[in-house]
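Single-structure report; data block below.
The values are calculated or read from the model by the stated rules, or taken from the named source; none is laboratory data. Being a predicted model, the structure only gives us computed values, none of them experimental. With ideal geometry, Cβ positions are generated from the backbone for all residues, glycine too; neighbour counts draw on all protein chains shown.
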Amino acid sequence: MKNRRLVSIDLGSAYTKVAVRRDWNGESDLLRDLPLASDEVDFCVPSVVARVDARGGTRWVIGSAAAEQAPGDGVRIYRYWKARLFSTDPRGHVRRDEMGQSPHADAGDDDYERIAVEFFRGLRESLEQSPYGADIASSAVRVCVPRIDAPDMDARVGGILHAAGWRPAHGRVTVYEPESNACGMFTRGRNATWYPPAAPFTPRAGRSLHLVKMLEPEGLLQALRRMAGSFGVLVIDIGGFTTDFGYVEFDTSFSTDDWHRPAIIQQSYELGIRELDQAIYDSLDEDAQREIRALSPAEWDALKVDLYRGVPVTLGSRRIGGGEDAGRTTEALRAFAERVIAVRDTFRRDYVRGPINAQTLTGGGSMIAPLHQAVVQALATDEDARVYDLLDEHEPRRTLDGRGGTVREEEIQARARRNQELVRGGSAIGGSSVFFE
Ligand SMILES: Nc1ncnc2c1ncn2[C@@H]1O[C@H](COP(=O)(O)OP(=O)(O)OP(=O)(O)O)[C@@H](O)[C@H]1O
Ligand SMILES: [Mg+2]
(Lines give C-alpha, C1' and ligand atoms only; values in the text may rest on other atoms or scores of the structure.)
(Ligands and ions follow the chains in the order given, each with its own letter.)
Protein backbone atom coordinates (compact mmCIF):
# COMPACT_ATOMS: atom_id res chain seq x y z
CA MET A 1 0.00 0.00 0.00
CA LYS A 2 1.50 3.26 -1.09
CA ASN A 3 -0.38 6.47 -0.33
CA ARG A 4 -1.34 7.22 3.24
CA ARG A 5 -3.15 10.44 2.38
CA LEU A 6 -4.86 10.91 -0.92
CA VAL A 7 -6.96 13.42 -2.78
CA SER A 8 -9.02 12.05 -5.63
CA ILE A 9 -10.38 14.20 -8.41
CA ASP A 10 -13.30 12.89 -10.42
CA LEU A 11 -12.86 14.98 -13.53
CA GLY A 12 -16.40 15.01 -14.86
CA SER A 13 -17.13 16.33 -18.31
CA ALA A 14 -19.78 18.57 -16.76
CA TYR A 15 -18.79 18.80 -13.06
CA THR A 16 -15.63 17.91 -11.16
CA LYS A 17 -15.86 16.43 -7.67
CA VAL A 18 -13.02 16.09 -5.18
CA ALA A 19 -12.63 13.78 -2.17
CA VAL A 20 -9.94 13.22 0.44
CA ARG A 21 -8.80 10.29 2.58
CA ARG A 22 -6.71 11.61 5.43
CA ASP A 23 -5.31 8.31 6.70
CA TRP A 24 -5.26 4.58 6.03
CA ASN A 25 -8.44 3.97 7.97
CA GLY A 26 -10.04 7.40 7.72
CA GLU A 27 -13.31 7.94 5.91
CA SER A 28 -13.26 9.25 2.33
CA ASP A 29 -14.95 12.64 2.40
CA LEU A 30 -16.15 14.90 -0.36
CA LEU A 31 -14.79 18.43 -0.29
CA ARG A 32 -17.82 20.65 0.17
CA ASP A 33 -18.48 24.38 0.16
CA LEU A 34 -15.93 24.86 -2.55
CA PRO A 35 -15.36 28.44 -3.68
CA LEU A 36 -15.51 27.37 -7.33
CA ALA A 37 -18.59 25.15 -6.99
CA SER A 38 -21.87 25.78 -8.77
CA ASP A 39 -24.65 27.58 -6.90
CA GLU A 40 -26.81 24.47 -6.91
CA VAL A 41 -24.45 21.81 -5.50
CA ASP A 42 -21.59 22.93 -3.26
CA PHE A 43 -19.29 19.99 -4.10
CA CYS A 44 -19.69 20.18 -7.89
CA VAL A 45 -17.17 22.42 -9.67
CA PRO A 46 -18.22 23.16 -13.25
CA SER A 47 -15.58 21.65 -15.54
CA VAL A 48 -15.55 24.86 -17.51
CA VAL A 49 -12.49 26.85 -18.54
CA ALA A 50 -12.65 30.39 -19.92
CA ARG A 51 -9.90 32.31 -21.59
CA VAL A 52 -10.43 36.00 -21.14
CA ASP A 53 -8.40 38.29 -23.39
CA ALA A 54 -8.39 41.90 -22.33
CA ARG A 55 -6.07 44.80 -22.86
CA GLY A 56 -4.09 43.87 -19.76
CA GLY A 57 -3.34 40.40 -21.14
CA THR A 58 -4.79 36.92 -21.04
CA ARG A 59 -6.45 35.49 -17.95
CA TRP A 60 -7.69 31.94 -17.47
CA VAL A 61 -10.57 31.23 -15.14
CA ILE A 62 -12.20 27.94 -14.24
CA GLY A 63 -15.18 26.49 -12.39
CA SER A 64 -18.15 28.68 -11.50
CA ALA A 65 -16.14 31.81 -12.36
CA ALA A 66 -15.83 30.47 -15.92
CA ALA A 67 -19.36 29.06 -16.09
CA GLU A 68 -20.78 32.50 -15.31
CA GLN A 69 -19.08 34.07 -18.32
CA ALA A 70 -21.20 34.60 -21.39
CA PRO A 71 -19.44 33.87 -24.65
CA GLY A 72 -18.52 37.09 -26.40
CA ASP A 73 -15.75 39.48 -27.33
CA GLY A 74 -12.51 38.36 -25.82
CA VAL A 75 -14.13 35.48 -23.90
CA ARG A 76 -13.63 31.92 -25.06
CA ILE A 77 -15.49 29.29 -23.13
CA TYR A 78 -14.44 25.66 -23.15
CA ARG A 79 -16.96 23.07 -22.03
CA TYR A 80 -16.85 19.33 -22.52
CA TRP A 81 -13.14 19.52 -23.23
CA LYS A 82 -12.75 16.30 -21.26
CA ALA A 83 -14.71 14.46 -23.94
CA ARG A 84 -12.40 15.88 -26.58
CA LEU A 85 -9.26 15.30 -24.55
CA PHE A 86 -9.95 11.60 -24.08
CA SER A 87 -11.94 10.74 -27.16
CA THR A 88 -10.39 8.82 -30.00
CA ASP A 89 -12.28 11.13 -32.36
CA PRO A 90 -12.23 14.70 -30.93
CA ARG A 91 -13.48 16.27 -34.16
CA GLY A 92 -16.58 14.08 -34.07
CA HIS A 93 -17.52 15.81 -30.83
CA VAL A 94 -17.76 19.28 -32.19
CA ARG A 95 -21.28 18.90 -33.54
CA ARG A 96 -22.47 17.18 -30.41
CA ASP A 97 -22.36 20.03 -27.96
CA GLU A 98 -22.88 23.54 -29.16
CA MET A 99 -24.42 25.00 -26.06
CA GLY A 100 -22.39 27.30 -23.89
CA GLN A 101 -19.33 26.56 -25.99
CA SER A 102 -17.83 29.40 -27.99
CA PRO A 103 -18.26 28.59 -31.69
CA HIS A 104 -14.55 29.22 -32.27
CA ALA A 105 -13.54 27.23 -29.20
CA ASP A 106 -12.68 24.21 -31.29
CA ALA A 107 -9.07 23.59 -30.40
CA GLY A 108 -6.46 21.15 -31.63
CA ASP A 109 -5.24 18.23 -29.49
CA ASP A 110 -2.45 20.25 -27.88
CA ASP A 111 -4.90 22.90 -26.89
CA TYR A 112 -7.10 20.44 -25.02
CA GLU A 113 -4.07 19.48 -22.93
CA ARG A 114 -3.42 23.16 -22.32
CA ILE A 115 -7.02 23.65 -21.22
CA ALA A 116 -6.74 20.63 -18.94
CA VAL A 117 -3.57 22.04 -17.35
CA GLU A 118 -5.27 25.41 -16.80
CA PHE A 119 -8.20 23.64 -15.19
CA PHE A 120 -6.10 21.53 -12.83
CA ARG A 121 -3.92 24.50 -11.94
CA GLY A 122 -6.90 26.73 -11.21
CA LEU A 123 -8.47 23.97 -9.13
CA ARG A 124 -5.29 23.47 -7.09
CA GLU A 125 -4.81 27.17 -6.44
CA SER A 126 -8.38 27.60 -5.33
CA LEU A 127 -8.26 24.56 -3.01
CA GLU A 128 -4.94 25.65 -1.53
CA GLN A 129 -6.57 28.88 -0.42
CA SER A 130 -9.64 27.14 0.95
CA PRO A 131 -9.98 25.49 4.37
CA TYR A 132 -8.75 22.31 2.63
CA GLY A 133 -5.34 23.88 2.01
CA ALA A 134 -3.59 21.59 4.52
CA ASP A 135 -5.16 18.48 2.94
CA ILE A 136 -3.98 19.52 -0.49
CA ALA A 137 -0.46 20.26 0.72
CA SER A 138 -0.06 16.87 2.42
CA SER A 139 -1.73 14.54 -0.07
CA ALA A 140 -0.89 12.94 -3.38
CA VAL A 141 -3.55 13.05 -6.07
CA ARG A 142 -5.34 10.47 -8.20
CA VAL A 143 -7.73 11.20 -11.05
CA CYS A 144 -10.82 9.27 -12.19
CA VAL A 145 -11.01 8.79 -15.95
CA PRO A 146 -13.51 7.06 -18.24
CA ARG A 147 -12.98 3.41 -19.14
CA ILE A 148 -12.63 3.90 -22.87
CA ASP A 149 -9.96 2.96 -25.39
CA ALA A 150 -7.52 5.78 -24.93
CA PRO A 151 -3.81 4.98 -24.82
CA ASP A 152 -1.43 5.85 -21.95
CA MET A 153 -4.04 7.31 -19.64
CA ASP A 154 -1.74 7.19 -16.59
CA ALA A 155 1.21 8.85 -18.35
CA ARG A 156 -0.95 11.49 -19.96
CA VAL A 157 -2.82 12.47 -16.85
CA GLY A 158 0.43 12.31 -14.84
CA GLY A 159 1.95 14.83 -17.27
CA ILE A 160 -1.01 17.16 -16.96
CA LEU A 161 -0.91 16.96 -13.14
CA HIS A 162 2.82 17.72 -13.06
CA ALA A 163 2.40 20.71 -15.32
CA ALA A 164 -0.42 21.97 -13.12
CA GLY A 165 1.63 21.65 -9.91
CA TRP A 166 -0.06 18.59 -8.36
CA ARG A 167 1.83 15.66 -6.89
CA PRO A 168 0.60 12.49 -8.64
CA ALA A 169 -0.09 9.44 -6.46
CA HIS A 170 2.39 6.59 -6.18
CA GLY A 171 1.15 3.50 -7.95
CA ARG A 172 -1.93 4.27 -9.95
CA VAL A 173 -2.27 7.89 -11.02
CA THR A 174 -5.67 7.17 -12.53
CA VAL A 175 -8.57 4.90 -11.68
CA TYR A 176 -11.48 4.26 -13.96
CA GLU A 177 -14.77 5.96 -13.19
CA PRO A 178 -16.90 2.79 -13.16
CA GLU A 179 -14.62 1.01 -10.66
CA SER A 180 -14.20 4.03 -8.40
CA ASN A 181 -17.94 4.65 -8.46
CA ALA A 182 -18.74 1.00 -7.71
CA CYS A 183 -16.18 1.07 -4.88
CA GLY A 184 -17.74 4.27 -3.54
CA MET A 185 -21.14 2.55 -3.51
CA PHE A 186 -20.22 -0.68 -1.81
CA THR A 187 -17.97 0.94 0.81
CA ARG A 188 -19.90 4.22 1.16
CA GLY A 189 -16.49 5.78 1.78
CA ARG A 190 -15.28 3.41 4.51
CA ASN A 191 -11.59 2.52 4.61
CA ALA A 192 -10.01 -0.21 6.68
CA THR A 193 -6.54 -1.71 6.59
CA TRP A 194 -4.66 -4.11 8.87
CA TYR A 195 -1.63 -6.33 9.19
CA PRO A 196 -2.82 -9.92 8.74
CA PRO A 197 -1.23 -12.31 11.24
CA ALA A 198 1.62 -14.30 9.76
CA ALA A 199 1.17 -18.01 9.23
CA PRO A 200 4.00 -20.12 10.74
CA PHE A 201 7.20 -19.99 8.71
CA THR A 202 5.93 -17.37 6.25
CA PRO A 203 6.94 -13.74 6.11
CA ARG A 204 4.46 -11.33 7.60
CA ALA A 205 2.25 -9.58 5.04
CA GLY A 206 2.44 -5.81 4.82
CA ARG A 207 -0.46 -3.46 5.38
CA SER A 208 -3.47 -4.99 3.66
CA LEU A 209 -7.05 -4.23 2.82
CA HIS A 210 -9.65 -5.23 5.41
CA LEU A 211 -12.57 -5.51 3.04
CA VAL A 212 -15.17 -6.93 5.41
CA LYS A 213 -14.85 -3.85 7.60
CA MET A 214 -15.32 -1.66 4.56
CA LEU A 215 -18.69 -3.09 3.56
CA GLU A 216 -21.81 -1.59 4.91
CA PRO A 217 -23.01 -3.69 7.85
CA GLU A 218 -26.70 -2.88 7.46
CA GLY A 219 -26.86 -3.05 3.69
CA LEU A 220 -24.56 -4.95 1.45
CA LEU A 221 -22.93 -7.16 4.05
CA GLN A 222 -26.31 -8.33 5.31
CA ALA A 223 -27.51 -9.08 1.81
CA LEU A 224 -24.27 -10.92 1.04
CA ARG A 225 -24.54 -13.08 4.12
CA ARG A 226 -27.99 -14.27 3.12
CA MET A 227 -26.74 -15.59 -0.21
CA ALA A 228 -24.84 -18.74 -1.04
CA GLY A 229 -22.21 -18.66 -3.77
CA SER A 230 -21.76 -15.25 -5.24
CA PHE A 231 -23.49 -11.91 -5.01
CA GLY A 232 -23.28 -9.45 -7.91
CA VAL A 233 -23.66 -5.70 -7.71
CA LEU A 234 -24.13 -3.49 -10.77
CA VAL A 235 -23.64 0.26 -10.54
CA ILE A 236 -24.82 2.41 -13.44
CA ASP A 237 -23.72 6.03 -13.73
CA ILE A 238 -25.36 8.38 -16.21
CA GLY A 239 -22.93 11.27 -16.68
CA GLY A 240 -22.52 14.18 -19.05
CA PHE A 241 -20.19 12.37 -21.45
CA THR A 242 -20.47 8.66 -20.69
CA THR A 243 -22.74 6.12 -19.10
CA ASP A 244 -20.58 3.84 -16.95
CA PHE A 245 -21.11 0.31 -15.75
CA GLY A 246 -19.22 -1.28 -12.88
CA TYR A 247 -19.99 -4.88 -11.93
CA VAL A 248 -18.58 -6.54 -8.82
CA GLU A 249 -19.02 -10.17 -7.94
CA PHE A 250 -18.50 -10.95 -4.25
CA ASP A 251 -17.71 -14.41 -3.02
CA THR A 252 -20.18 -14.89 -0.18
CA SER A 253 -18.46 -17.93 1.25
CA PHE A 254 -15.92 -15.82 3.07
CA SER A 255 -16.05 -16.26 6.78
CA THR A 256 -12.67 -15.03 7.85
CA ASP A 257 -11.03 -11.68 7.61
CA ASP A 258 -8.80 -12.99 4.91
CA TRP A 259 -10.90 -11.98 2.00
CA HIS A 260 -9.57 -11.13 -1.39
CA ARG A 261 -10.22 -8.02 -3.35
CA PRO A 262 -12.93 -8.77 -5.92
CA ALA A 263 -12.36 -7.86 -9.55
CA ILE A 264 -14.46 -5.01 -10.90
CA ILE A 265 -15.71 -5.60 -14.43
CA GLN A 266 -16.26 -2.25 -16.07
CA GLN A 267 -16.92 -0.25 -19.19
CA SER A 268 -17.89 3.32 -20.17
CA TYR A 269 -20.06 4.00 -23.19
CA GLU A 270 -20.16 7.33 -24.97
CA LEU A 271 -23.73 8.17 -24.10
CA GLY A 272 -24.31 11.18 -21.86
CA ILE A 273 -26.65 13.99 -20.90
CA ARG A 274 -24.97 16.41 -23.29
CA GLU A 275 -26.59 14.38 -26.09
CA LEU A 276 -29.94 14.91 -24.46
CA ASP A 277 -29.15 18.63 -24.21
CA GLN A 278 -28.20 18.65 -27.87
CA ALA A 279 -31.40 16.80 -28.87
CA ILE A 280 -33.46 19.45 -27.07
CA TYR A 281 -31.44 22.22 -28.69
CA ASP A 282 -31.89 20.69 -32.16
CA SER A 283 -35.64 20.52 -31.66
CA LEU A 284 -35.91 24.31 -31.15
CA ASP A 285 -36.18 26.95 -33.86
CA GLU A 286 -33.29 29.16 -34.86
CA ASP A 287 -34.23 32.12 -32.68
CA ALA A 288 -34.41 29.99 -29.58
CA GLN A 289 -31.12 28.36 -30.49
CA ARG A 290 -29.47 31.76 -30.79
CA GLU A 291 -30.79 32.73 -27.37
CA ILE A 292 -29.38 29.54 -25.91
CA ARG A 293 -25.98 30.07 -27.49
CA ALA A 294 -25.79 33.48 -25.83
CA LEU A 295 -26.33 31.99 -22.35
CA SER A 296 -23.50 31.32 -19.97
CA PRO A 297 -22.98 27.63 -19.15
CA ALA A 298 -24.32 28.27 -15.62
CA GLU A 299 -27.50 29.85 -17.00
CA TRP A 300 -28.14 26.93 -19.32
CA ASP A 301 -27.55 24.37 -16.56
CA ALA A 302 -30.01 26.17 -14.30
CA LEU A 303 -32.63 26.38 -17.08
CA LYS A 304 -32.38 22.76 -18.02
CA VAL A 305 -33.15 21.57 -14.49
CA ASP A 306 -36.62 23.09 -14.93
CA LEU A 307 -36.95 22.06 -18.54
CA TYR A 308 -36.32 18.40 -17.78
CA ARG A 309 -38.81 18.51 -14.93
CA GLY A 310 -41.41 19.62 -17.44
CA VAL A 311 -41.48 23.25 -16.25
CA PRO A 312 -41.46 25.84 -19.08
CA VAL A 313 -38.66 28.42 -18.94
CA THR A 314 -38.27 31.98 -20.16
CA LEU A 315 -35.58 32.61 -22.71
CA GLY A 316 -35.19 36.27 -23.59
CA SER A 317 -38.65 37.30 -24.72
CA ARG A 318 -40.07 33.83 -25.19
CA ARG A 319 -41.06 30.74 -23.33
CA ILE A 320 -39.85 27.30 -24.21
CA GLY A 321 -40.72 23.93 -22.79
CA GLY A 322 -44.50 24.45 -22.80
CA GLY A 323 -47.09 23.19 -25.29
CA GLU A 324 -45.59 21.23 -28.16
CA ASP A 325 -42.09 21.66 -26.72
CA ALA A 326 -43.18 19.71 -23.65
CA GLY A 327 -44.14 16.75 -25.81
CA ARG A 328 -40.78 16.88 -27.54
CA THR A 329 -38.89 17.00 -24.23
CA THR A 330 -40.82 14.01 -22.91
CA GLU A 331 -40.08 12.14 -26.12
CA ALA A 332 -36.35 13.01 -25.97
CA LEU A 333 -36.19 11.79 -22.35
CA ARG A 334 -37.99 8.58 -23.21
CA ALA A 335 -35.68 7.89 -26.16
CA PHE A 336 -32.64 8.59 -24.00
CA ALA A 337 -33.84 6.22 -21.25
CA GLU A 338 -34.25 3.53 -23.90
CA ARG A 339 -30.67 4.01 -25.03
CA VAL A 340 -29.44 3.70 -21.45
CA ILE A 341 -31.28 0.40 -21.09
CA ALA A 342 -29.94 -0.78 -24.44
CA VAL A 343 -26.29 -0.15 -23.42
CA ARG A 344 -26.99 -1.79 -20.09
CA ASP A 345 -28.14 -4.90 -21.97
CA THR A 346 -25.03 -4.72 -24.17
CA PHE A 347 -22.79 -4.48 -21.11
CA ARG A 348 -24.55 -7.39 -19.48
CA ARG A 349 -24.27 -9.54 -22.59
CA ASP A 350 -20.63 -8.72 -23.31
CA TYR A 351 -19.16 -8.60 -19.82
CA VAL A 352 -21.28 -9.96 -17.00
CA ARG A 353 -20.81 -13.66 -16.30
CA GLY A 354 -22.16 -13.87 -12.75
CA PRO A 355 -25.51 -12.96 -11.16
CA ILE A 356 -26.83 -9.43 -10.73
CA ASN A 357 -28.44 -9.25 -7.29
CA ALA A 358 -28.40 -5.53 -6.67
CA GLN A 359 -28.36 -2.52 -8.96
CA THR A 360 -27.88 1.16 -8.26
CA LEU A 361 -28.27 4.20 -10.47
CA THR A 362 -26.01 7.24 -10.01
CA GLY A 363 -24.77 10.34 -11.84
CA GLY A 364 -26.33 13.68 -12.70
CA GLY A 365 -28.54 11.92 -15.22
CA SER A 366 -30.23 10.06 -12.39
CA MET A 367 -31.24 13.42 -10.89
CA ILE A 368 -33.55 13.99 -13.85
CA ALA A 369 -36.80 12.66 -12.41
CA PRO A 370 -38.49 11.33 -15.58
CA LEU A 371 -35.25 9.67 -16.71
CA HIS A 372 -34.62 8.18 -13.27
CA GLN A 373 -38.15 6.82 -13.16
CA ALA A 374 -38.00 5.28 -16.63
CA VAL A 375 -34.63 3.61 -16.03
CA VAL A 376 -35.49 2.34 -12.54
CA GLN A 377 -38.75 0.92 -13.88
CA ALA A 378 -36.93 -0.93 -16.64
CA LEU A 379 -34.33 -2.24 -14.19
CA ALA A 380 -37.01 -3.41 -11.75
CA THR A 381 -38.48 -5.87 -14.28
CA ASP A 382 -35.64 -8.19 -13.34
CA GLU A 383 -37.01 -9.73 -10.15
CA ASP A 384 -33.79 -11.17 -8.77
CA ALA A 385 -31.91 -7.92 -9.16
CA ARG A 386 -33.12 -5.55 -6.49
CA VAL A 387 -32.81 -1.85 -7.28
CA TYR A 388 -31.22 0.14 -4.46
CA ASP A 389 -32.51 3.64 -4.97
CA LEU A 390 -30.28 6.15 -3.20
CA LEU A 391 -32.71 8.95 -3.97
CA ASP A 392 -35.58 7.16 -2.23
CA GLU A 393 -36.39 9.43 0.72
CA HIS A 394 -37.46 6.46 2.85
CA GLU A 395 -34.23 4.55 2.31
CA PRO A 396 -32.29 5.96 5.30
CA ARG A 397 -34.95 5.16 7.90
CA ARG A 398 -35.79 1.78 6.42
CA THR A 399 -32.16 0.68 6.29
CA LEU A 400 -31.25 1.97 9.74
CA ASP A 401 -34.41 0.50 11.28
CA GLY A 402 -33.38 -2.86 9.88
CA ARG A 403 -30.34 -2.69 12.12
CA GLY A 404 -32.49 -2.87 15.24
CA GLY A 405 -32.38 -0.65 18.33
CA THR A 406 -33.35 2.99 18.37
CA VAL A 407 -32.38 5.14 15.47
CA ARG A 408 -31.69 8.81 16.06
CA GLU A 409 -33.02 11.46 13.72
CA GLU A 410 -29.49 12.77 13.13
CA GLU A 411 -28.38 9.37 11.91
CA ILE A 412 -31.21 9.32 9.41
CA GLN A 413 -30.33 12.78 8.18
CA ALA A 414 -26.66 11.92 7.93
CA ARG A 415 -27.46 8.85 5.87
CA ALA A 416 -29.79 10.80 3.57
CA ARG A 417 -27.02 13.31 3.01
CA ARG A 418 -24.48 10.58 2.32
CA ASN A 419 -26.90 9.03 -0.20
CA GLN A 420 -27.10 12.35 -2.06
CA GLU A 421 -23.32 12.65 -2.01
CA LEU A 422 -22.93 9.13 -3.36
CA VAL A 423 -25.25 9.76 -6.29
CA ARG A 424 -23.14 12.62 -7.59
CA GLY A 425 -19.81 12.11 -5.85
CA GLY A 426 -19.51 8.32 -5.59
CA SER A 427 -16.65 8.20 -8.02
CA ALA A 428 -14.60 10.85 -6.19
CA ILE A 429 -15.31 9.12 -2.84
CA GLY A 430 -14.38 5.69 -4.20
CA GLY A 431 -11.37 7.07 -6.04
CA SER A 432 -9.64 7.89 -2.77
CA SER A 433 -10.35 4.43 -1.34
CA VAL A 434 -7.58 2.22 0.06
CA PHE A 435 -9.10 -0.36 -2.30
CA PHE A 436 -6.84 1.10 -5.01
CA GLU A 437 -3.70 1.20 -2.88
N1 LIG B 1 -31.53 17.99 -11.41
C2 LIG B 1 -31.01 17.95 -12.62
N3 LIG B 1 -31.79 18.23 -13.71
C4 LIG B 1 -31.28 18.19 -14.95
N5 LIG B 1 -30.01 17.87 -15.23
C6 LIG B 1 -29.20 17.59 -14.21
C7 LIG B 1 -29.64 17.61 -12.86
N8 LIG B 1 -28.62 17.29 -12.06
C9 LIG B 1 -27.56 17.08 -12.88
N10 LIG B 1 -27.90 17.25 -14.16
C11 LIG B 1 -27.06 17.12 -15.36
O12 LIG B 1 -26.57 15.79 -15.45
C13 LIG B 1 -25.39 15.78 -16.24
C14 LIG B 1 -24.43 14.81 -15.67
O15 LIG B 1 -23.91 15.26 -14.43
P16 LIG B 1 -22.66 14.53 -13.77
O17 LIG B 1 -22.15 15.37 -12.69
O18 LIG B 1 -22.99 13.12 -13.47
O19 LIG B 1 -21.67 14.54 -15.03
P20 LIG B 1 -20.11 14.30 -15.11
O21 LIG B 1 -19.68 13.43 -13.99
O22 LIG B 1 -19.46 15.61 -15.23
O23 LIG B 1 -19.99 13.52 -16.52
P24 LIG B 1 -19.07 12.28 -16.95
O25 LIG B 1 -18.89 11.41 -15.76
O26 LIG B 1 -19.81 11.58 -18.04
O27 LIG B 1 -17.79 12.88 -17.43
C28 LIG B 1 -24.92 17.22 -16.31
O29 LIG B 1 -25.13 17.67 -17.62
C30 LIG B 1 -25.80 17.95 -15.32
O31 LIG B 1 -26.06 19.26 -15.74
MG1 LIG C 1 -19.22 11.43 -13.75
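Remarks
- The residues listed here are Arg424, Arg334; of these, the one that is among the basic types (Lys, Arg) and either free of Cβ contacts under 8 Å to residues at least 60 places away in the same chain or more than 21 Å from Asp29 (Cβ to Cβ) (or both) is Arg334.
- Matching residues in the range 143-164 - criterion: being modelled with pLDDT of 95 or more and over 21 Å from the mean Cα position of the chain (by Cα): Gly159, His162, Ala163, Ala164
- Evaluation of Asp42 against (1) more than 16 Å from ligand 2 (Cβ to nearest atom); (2) in contact with a strand residue (DSSP E or B) (Cβ under 7 Å, 6 or more places away or on another chain); (3) within 17 Å of Gly363 (Cα to Cα) (one fails), failing number: (2)
- The criterion of at least 1 residues that are closer than 12 Å to Phe435 by Cβ and more than 16 Å from ligand 1 (Cβ to nearest atom) is met by the following helices (runs of 4 or more DSSP H) wholly inside the range 170-265: 177-187, 211-214.
For every residue, the table says whether it meets (1) of a type in the set (Ser, Thr, Tyr); (2) closer than 30 Å to Glu324 by Cα.
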residue	(1), (2)
Leu211	no, no
Gly219	no, no
Val235	no, no
His260	no, no
Ser268	yes, no
Ala279	no, yes
Asp287	no, yes
Ser296	yes, yes
Asp301	no, yes
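- Answer from Ala326, Ala342, Ala302 - the residue that is in contact with a Pro (Cβ under 9 Å, 6 or more places away or on another chain), of a type in the set (A, V, I, L, M) and either buried (at least 20 other Cβ atoms within 10 Å of the Cβ) or part of a helix (DSSP H, G or I) (or both): Ala326
- Selection status of Asp33, of a type in the set (Asp, Glu), surrounded by fewer than 24 Cβ atoms within 10 Å (Cβ to Cβ) and part of a loop (DSSP other than H, G, I, E, B): yes
- If you go through the range 305-320 and keep only what is modelled with pLDDT under 90 and either buried (at least 16 other Cβ atoms within 10 Å of the Cβ) or within 16 Å of ligand 2 (Cβ to nearest atom) (or both), you end up with Leu315, Ile320.
- You will find that of Arg290, Arg274, the residue that is at pLDDT 85 or above, of a type in the set (Lys, Arg), surrounded by 17 or more Cβ atoms within 10 Å (Cβ to Cβ) and outside any loop (DSSP other than H, G, I, E, B) is Arg274 and no other.
- Sole residue being of a type in the set (A, V, I, L, M, F, W, C), touching an Asp or Glu at 6+ places or on another chain (Cβ under 7 Å) and either part of a loop (DSSP other than H, G, I, E, B) or under 22 Å from Ala116 (Cβ atoms) (or both), chosen from Val20, Val52: Val20
- Odd one out for Ala14 among (1) touching a Leu at 6+ places or on another chain (Cβ under 8 Å); (2) of a type in the set (A, V, I, L, M, F, W, C); (3) within 16 Å of ligand 2 (Cβ to nearest atom): (1)
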